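A.B. asks: If you scroll down you'll find the structure; I have some questions about it.
The values are calculated or read from the model by the stated rules, or taken from the named source; none is laboratory data. Computed from a prediction, not measured in an experiment: that's the story for all the values here. Counting neighbours? That spans all protein chains shown, and the Cβs are built from the backbone with ideal geometry, glycine included.
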Ligand code: SF4
């Protein structure tokens, strides 16, 4: 190619503008990716193409490897950004965080030297692609600038899980580095992988953390203000394929413009999520909001749930959890440490260490450098919790086959509520967990894992 020769022979610099990624990858030392007149990513060519990349770059690379040239498919008009403020790609981005991406200019992330990405996602959450490990005998190693065959997302440890989808072909440790460091034998650490599924109902994406390879037989749903990561210790002890889900509006899942996270409003999104993540009727276990949403899910979509497990939660009990005592809405903070200190001081019931760990998992930095909670409820007033007290959930629970109630010895359930469960629930079973407090996944992760295993075995 003459341009390449001229560059090599005469040392000429070019500003080369193209939509053809293969040519750009071949020619360029540095790539700037533009969308709607703004540079969303800039950096060394290999770094931009391999990631961690901006979601728009990932879309371009993915399209370049899949779209047949000259297929005759009509071009679609690009949707406009939802607002003049915020990320220009927000109108098309499947990873969009509603209420943040469409309102606030994304910060500049620096995933590597001289490499910048404008996105609200943490570097650990940005898409990654790695060339196939094809360097065995008789198989030449791919050029790092060959058009990639697939895009994946952050995963850590163990072999790739079957089923393809958003699974990357090679291991990258980002979000789970510290978690995996806690295993005495890193080589024996389980595969831990974060994935996303786009759901039709409620819009946006729902994220899940998968432990071990294979189809998950258990799905875990967390309480308000928490995320899938609150079940790390349980899933570490559980030792089987399972997935913990970030409920809509929490963790790495999308926020809803409506701010409506009532259990009945989560059911359809969760049905889509469970059928995608864990087809085959898994055990669905939840605490707090996760348990109430599980009731609505199992009642409306019984085919999605093999067995419903309520962890120290019944309709009418939710507002007793420590997280509900936070003075919402929450302020923004100058640092994660400040968020932890605030949490510790607000009657959350968490020790200083627990508050620091919580802030490390559940806060994210905004464009102006402040730290905010990942969950949408922190920006809504406390009345958003009123809808969680939905008496129709008792009627729905009565329609669920053989639910199991795990009652923590020092938990949140009044005797009258447990009696009502025994009276009204079809084949319901109460299992006592002595010594545990309401935050069972924190107070008794090993015992909870063992109980879930027994329930899964007789599902
Ligand atoms: S996640 Fe948000 S900030 Fe990042 S590209 Fe998508 S819409 Fe833009």
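A.B. asks: Take segment 405-439 and flag every residue that is buried (at least 20 other Cβ atoms within 10 Å of the Cβ) and under 22 Å from residue 224 (Cβ atoms).
C.D. replies: Passing the criteria: 405, 406, 407, 408, 411, 412, 413, 421, 433, 436, 438, 439.
A.B. asks: State whether one or more residues within segment 84-95 are over 30 Å from residue 27 (Cβ atoms), surrounded by fewer than 17 Cβ atoms within 10 Å (Cβ to Cβ) and modelled with pLDDT under 75.
C.D. replies: Checking segment 84-95: at least one residue is over 30 Å from residue 27 (Cβ atoms), surrounded by fewer than 17 Cβ atoms within 10 Å (Cβ to Cβ) and modelled with pLDDT under 75.
A.B. asks: While we're on this one: Kindly indicate the residue of segment 81-116 that is more than 20 Å from the chain's Cα centre (by Cα) and assigned to a strand (DSSP E or B) and also farthest from the ligand (Cβ to nearest atom) among those meeting that condition.
C.D. replies: 112
A.B. asks: Also, quick follow-up: Go through (1) closer than 18 Å to residue 362 by Cβ; (2) not in a helix (DSSP H, G or I) one by one and return the number of the condition residue 342 breaks.
C.D. replies: Here residue 342 meets the rest and fails (2).
A.B. asks: Another question about this same structure. Exactly one condition in (1) in a loop (DSSP other than H, G, I, E, B); (2) within 11 Å of the ligand (Cβ to nearest atom); (3) modelled with pLDDT of 80 or more is false for residue 15; which is it?
C.D. replies: (2) is the only condition that residue 15 fails.
A.B. asks: Are any of the residues in segment 272-281 in contact with a helix residue (DSSP H, G or I) (Cβ under 6 Å, 6 or more places away or on another chain) and either crowded, with 24+ Cβ neighbours inside 10 Å or at pLDDT 90 or above (or both)? Steps first, answer last, please.
C.D. replies: Residues of segment 272-281 that are in contact with a helix residue (DSSP H, G or I) (Cβ under 6 Å, 6 or more places away or on another chain), as a first pass: 274-275.
Checking the rest, the ones that are also either crowded, with 24+ Cβ neighbours inside 10 Å or at pLDDT 90 or above (or both) come to 274-275.
Within segment 272-281 (the criterion being in contact with a helix residue (DSSP H, G or I) (Cβ under 6 Å, 6 or more places away or on another chain) and either crowded, with 24+ Cβ neighbours inside 10 Å or at pLDDT 90 or above (or both)), the answer is yes, since at least one residue qualifies.
A.B. asks: Take residue 308 and decide whether it is buried (at least 24 other Cβ atoms within 10 Å of the Cβ) and within 16 Å of residue 388 (Cβ to Cβ).
C.D. replies: When the stated conditions are applied, residue 308 does not pass them.
A.B. asks: So, in segment 117-129, of the ones that are more than 10 Å from the ligand (Cβ to nearest atom) and not in a loop (DSSP other than H, G, I, E, B), which residue ends up surrounded by the most Cβ atoms within 10 Å (Cβ to Cβ)?
C.D. replies: 128
A.B. asks: Does residue 237 qualify as being crowded, with 23+ Cβ neighbours inside 10 Å and on the phi < 0 side of the Ramachandran plot?
C.D. replies: no
A.B. asks: When you check residue 266 against the structure, is it assigned to a helix (DSSP H, G or I), closer than 24 Å to residue 125 by Cβ and out of contact with any strand residue (DSSP E or B) (no Cβ under 8 Å at 6 or more places or on another chain), yes or no?
C.D. replies: Yes: the conditions hold for residue 266.
A.B. asks: Taking interchain pairs and intrachain pairs at least six residues apart, which have beta carbon atoms under 6 angstrom, with the first residue in segment 232-248 and more than 16 Å from residue 443 (Cβ to Cβ) and the second surrounded by fewer than 18 Cβ atoms within 10 Å (Cβ to Cβ)?
C.D. replies: Matching pairs, first to second residue: 241/214.
A.B. asks: Let me ask another. Just give me the residues in segment 240-266 being over 26 Å from residue 449 (Cβ atoms), surrounded by 24 or more Cβ atoms within 10 Å (Cβ to Cβ) and over 14 Å from the mean Cα position of the chain (by Cα), in sequence order.
C.D. replies: Within segment 240-266, 261 is the sole residue that qualifies.
A.B. asks: Assuming residue 362 fulfils every condition listed in (1) farther than 30 Å from residue 86 by Cβ; (2) crowded, with 17+ Cβ neighbours inside 10 Å apart from one, which condition is it?
C.D. replies: Residue 362 satisfies all of (1) farther than 30 Å from residue 86 by Cβ; (2) crowded, with 17+ Cβ neighbours inside 10 Å except (1).
A.B. asks: Ok, one more. Output the residues belonging to segment 181-202 that are without any contact (Cβ under 8 Å) to a residue 60 or more places away in the chain and farther than 19 Å from residue 216 by Cβ.
C.D. replies: Answer for segment 181-202, where residues must be without any contact (Cβ under 8 Å) to a residue 60 or more places away in the chain and farther than 19 Å from residue 216 by Cβ: 181, 182, 183, 184, 185, 186, 187, 188.
A.B. asks: Considering only residues that are within 16 Å of the ligand (Cβ to nearest atom), surrounded by fewer than 14 Cβ atoms within 10 Å (Cβ to Cβ) and at pLDDT 75 or above, which ones fall in segment 23-77? Break it down stepwise before answering.
C.D. replies: Start the filter on segment 23-77 by keeping residues that are within 16 Å of the ligand (Cβ to nearest atom), which leaves 32-43, 48, 51-63.
Applying the additional criterion that residues be surrounded by fewer than 14 Cβ atoms within 10 Å (Cβ to Cβ) yields 34, 36-39, 63.
Selection gives 34, 36, 37, 38, 39.
A.B. asks: Kindly provide the set of residues from segment 282-296 that are at pLDDT below 95 and not in a helix (DSSP H, G or I), ordered by number. Write out each step before concluding.
C.D. replies: Within segment 282-296, the first condition is being at pLDDT below 95, and the residues that meet it are 288-289.
Result: 288, single match.
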